[in-house]
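Heads up: the structure comes next, in structure tokens.
The numbers here are math on the coordinates, done by the rules we state, and not lab data. Here the structure is a predicted model, which means the values were calculated and not measured. Glycine gets a Cβ as well: all are built from the backbone with ideal geometry, and neighbour counts include every protein chain shown.
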Amino acid sequence: MNEPGSMVENKGITPNRRVLLDACLIVVFGALCGICSNLFRSAERIEWVQHKPYDIVVPCPEPVGRATAIAPNHAKLLEFTTLVMDARSPEEFAEWHLPGAINVPFDWLGPPVQAEVEQLAKRVAASHSAQLVVYGDGDNPDSGREWARLLAGGGIRNIAYVEGGAPALRKLRPNLPQPVTTPSATPSSSTTLTAP
């Protein structure tokens, strides 16, 4: 304990209590420093009591809108006022597509640029179509559904997507005439809409 002749007596403070006492002193000293620095801040003083709730989750704007899901046998697909759009790759489009459908492949790596949405809106207006129906690959997530939601978010209205995509349509319509293509042929500009 204490050496003989020492002026300091041990008052029962064990090493564990000494560490705890030092930790408490550090916390109190830090709190006092924080309070004092807050008092001397004039412009952006931290409030003692928060009066308005904190914004913990700040919503990010998403470029998606609402698109209606329709069944693969929906009558909307047969109406002459409907423009049908295939969101699959040009290769899949050349293999099988609904008659009269245009091909606008969906880019999974990024949202459509506004110029592409405007180009498609002009195409819809030029066709005098009252509605746009999109079908995709039928996967989860479906490229047709995602493309329809992004286009709806870009300002195109009366837009729907086919649940199940091309596989569901092909199951209902297996005997549709296939496009005649040669190995060197590419889809014509009247059936393919490309990104700028």
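Derived scalar couplings between HN and Hα for the range 86-92 equal 9, 9, 7, 5, x, 5, 5 Hz in order, rounded to whole Hz, by the Karplus curve 6.51 cos²θ - 1.76 cosθ + 1.60 (θ = phi - 60°), x for Gly and Pro. The local environment of ILE70, defined by Cβ-Cβ distances under 10 Å, has a net charge of 0 under the rule Lys, Arg +1 and Asp, Glu -1. Taking amide H as placed 1.01 Å from N in the peptide plane, the amide H of ASP137 sits under 5 Å from that of SER143, GLY144, ALA166, each at least 5 places away or on another chain. Descending by average beta-carbon neighbour count within 10 Å, the peptides 35-43, 134-142 line up as 134-142, 35-43, the highest first. Put simply, the amide H of ILE102, placed in the peptide plane, has neighbours under 5 Å in VAL84, MET85, ASP86, leaving out anything fewer than 5 places away on its chain.
Seen from every direction in turn and averaged, the convex hull around the alpha carbons of the range 68-172 projects onto 6.0 nm². Among VAL104, VAL49, VAL19, the order by Cβ neighbours within 10 angstrom, fewest to most, reads VAL49, VAL19, VAL104. Summarising the amide proton neighbourhood of TYR161: residues at separation of 5 or more, or on other chains, whose placed amide H is nearer than 5 Å comprise THR68, ALA69, ILE70, VAL134.
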